[in-house]
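What follows is a short report on a single structure.
The values are calculated or read from the model by the stated rules, or taken from the named source; none is laboratory data. Because the structure is a prediction, the values reported are computed rather than measured. Here the Cβ positions follow ideal geometry from the backbone for every residue, glycine too, while neighbour counts run over all protein chains shown.
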Amino acid sequence: MNIFILTKLFFNIIYQIFSNVVYIITMYYMSISFFGIIRIKDKRIVKPKKSFAIMVAAHNEEKVIEDNVLSLKELDYPKDMYDIFVIADNCTDKTAERARAAGALVYERFDDTNRGKGYALEWIFEKLFKMEKKYDSVVIFDADNLASKNFLLEMNKKLCDGYKVVQGYLDSKNPEDTWITGSYSISFWTANRMFQLARNNLKLSNQLGGTGFCIDTSILKKLGWGATCLTEDLEFTCKLVLNGYKVGWAHDAKVYDEKPLGLISSMKQRKRWMQGFSDVATRYFFKLFKKSIVEHNFVALDCALYSVQPFVILLLGISLGINIIQNGMMVIRLLSHIDTLFTNFNFNMYIVLGILVIILQFIYTPFMLLLEKKLKLKIFLYYLIYPVFSATWIPVTLAGIIDKDKKEWSHTVHTRNINLKEIEKTN
C-alpha cells in the first residue's frame, strides 16, 4: 500500500469522525431552534412585589455611564423598590463622578491583582449582604447598557413565577453602524429566538448572557457568586445547573448593548469570550455530563454541550478544511471525466447539500429575523456578508483555546452616546 493510499485513507477516517460529530451537534442545535418559531406572549400584569439592587460594573466608562444610569432611573417600577449601584472598578477617568451626579450609589474599587467584572461583582455582593436595606433580587448590567422601561416589571413577573435567575433579551444599540455591528446584532437576535426562546419553550435552562439578568438574593447567598473568570456568566450558569436550578427567560425585558465597530476590536472581544468558554468547559463539562448521565438530566446535558462551544467551532473549522480538500480532489476528478459530470451520484449529493445550505442561509435565518421584526433592508444586506463574520470565529476560537489559562481582562472601549428614545425611534 503506497503513501498516497495511506494518506487518503487517513484523511477519510479523520473526515468521517469530525463530520459525524459536527453533524450530530449541528442537527441537535437546529432541532432545538425549531422550538423558537412559536412565541406565546405573556400578557399577564403582575403587580410589583420584588425589590431590586441594580449593579453596574464600570471601568473607565465616563462616556456612557450617565445615559446608563438615567435610563435605569426611568424604569416603570416603584422607585422605592429598586436602587442603582455603580461599581467604579479601577477607574482613572470621571466614571464615578458622572455616575454619582446622575443619581447612582457609587462604590469605588481599586485592586491591581483581581481585575475584571467578576471580581468587581464579588466585591460589591459582599458589601450588599451587610447593608441594612435588603433586596429580593440583584440585577446585573454593563455600563454601556440601556434597559427597556418594562425591564423590572418583566423580571418581577418571572421571579413571582418561581424562577431564581432570569435572563433578559439582549438587543443592540447600534446595529446599523458598520457591517461588524450588524453581524453582531444578527447573531444576538437569532440566538434570542432560536436558542433562548426555544430553550424556554422546551423547559430547559437558558444561558446567562453577561448582562441584563437578575438573581434571587437568597440563591446568591446560598451558592455564592464565585464567578471570576473571563466569562463569569457562563461559569455561574454551569454552577446553577449543577445545583439543580434553571435560568428563566424574559423575552420582553430588553437590554440594549453597544457592539464593537471594527473587526479587530470585535475579534479581541470574542477571543476573550472564547478564552473564558474554554476555561469553563475544562472545569465544568465533565461535571455536567456526569450529572446528566447519573440523574438522566437532559438540562445538564444541554448545558454541558453549550459549554464546549469553542471546541465545537474548532471541530467545525477542521471538518470544513478537510471537506474543502476532499471537494477539491473530487472536482479535479470530475473535470478529468467531463462527460460523466452530470450523471455522477456524489456530485448530485453535493448539489442537494448545497441547496440545503442555501435554504438555511437565505430563508430560515432571515425568517427568524422577520419574526423578531429586525429584518430591514440594511440588515439584510449585512446578512449577505454575515458568513464572512462567521468565518472569523475559527481563528478567534483557536486563539482563545490556546490562551484559555490567561486571565488578563481586555477592556472594550464604549463610545456610542445614545439614549433610549433614539433607539425606540429606530425600532
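Tabulated values for the structure
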read-out	value
Cross-chain or 6+ apart pairs with Cβ under 7 Å, region 374-403 first and charged (D, E, K, R), then part of a helix (DSSP H, G or I)	Lys374/Trp189; Asp403/Gln275
Test result for Ser71, more than 26 Å from Gly226 (Cβ to Cβ) and without any contact (Cβ under 8 Å) to a residue 12 or more places away in the chain	no
Yes/no for Gly244 being without any contact (Cβ under 8 Å) to a residue 12 or more places away in the chain and farther than 19 Å from Thr365 by Cβ	yes
Which numbered condition Ala88 fails, given (1) part of a helix (DSSP H, G or I); (2) in contact (Cβ under 8 Å) with a residue 12 or more places away in the chain	(1)
Selection count where residues are in a helix (DSSP H, G or I), modelled with pLDDT under 95 and closer than 23 Å to Asn68 by Cα, scope region 129-179	0
Residue check for Met81: modelled with pLDDT of 95 or more and either touching a helix residue (DSSP H, G or I) at 6+ places or on another chain (Cβ under 6 Å) or within 28 Å of Val255 (Cα to Cα) (or both)	yes
Residue match in region 180-193 (condition: in a loop (DSSP other than H, G, I, E, B), at negative phi and in contact (Cβ under 8 Å) with a residue 24 or more places away in the chain)	no
Within region 201-232, tally of residues that are part of a loop (DSSP other than H, G, I, E, B) and among the hydrophobic types (A, V, I, L, M, F, W, C)	7
Condition met for Thr217 (surrounded by 19 or more Cβ atoms within 10 Å (Cβ to Cβ), in contact (Cβ under 8 Å) with a residue 24 or more places away in the chain and farther than 24 Å from Lys47 by Cβ)	no
Flag for Gly244 being more than 16 Å from Gly118 (Cβ to Cβ) and either of a type in the set (S, T, N, Q) or out of contact with any strand residue (DSSP E or B) (no Cβ under 8 Å at 6 or more places or on another chain) (or both)	yes
Conditions (1) within 18 Å of Asp257 (Cα to Cα); (2) buried (at least 21 other Cβ atoms within 10 Å of the Cβ): number failed by Asp177	(2)
Breaking point among (1) crowded, with 20+ Cβ neighbours inside 10 Å; (2) without any contact (Cβ under 8 Å) to a residue 60 or more places away in the chain; (3) within 29 Å of Ala198 (Cβ to Cβ); (4) not aromatic (Phe, Trp, Tyr), for Lys43	(1)
Search result, residues across region 38-64 that are modelled with pLDDT under 95 and not in a loop (DSSP other than H, G, I, E, B)	Ala57, Ala58
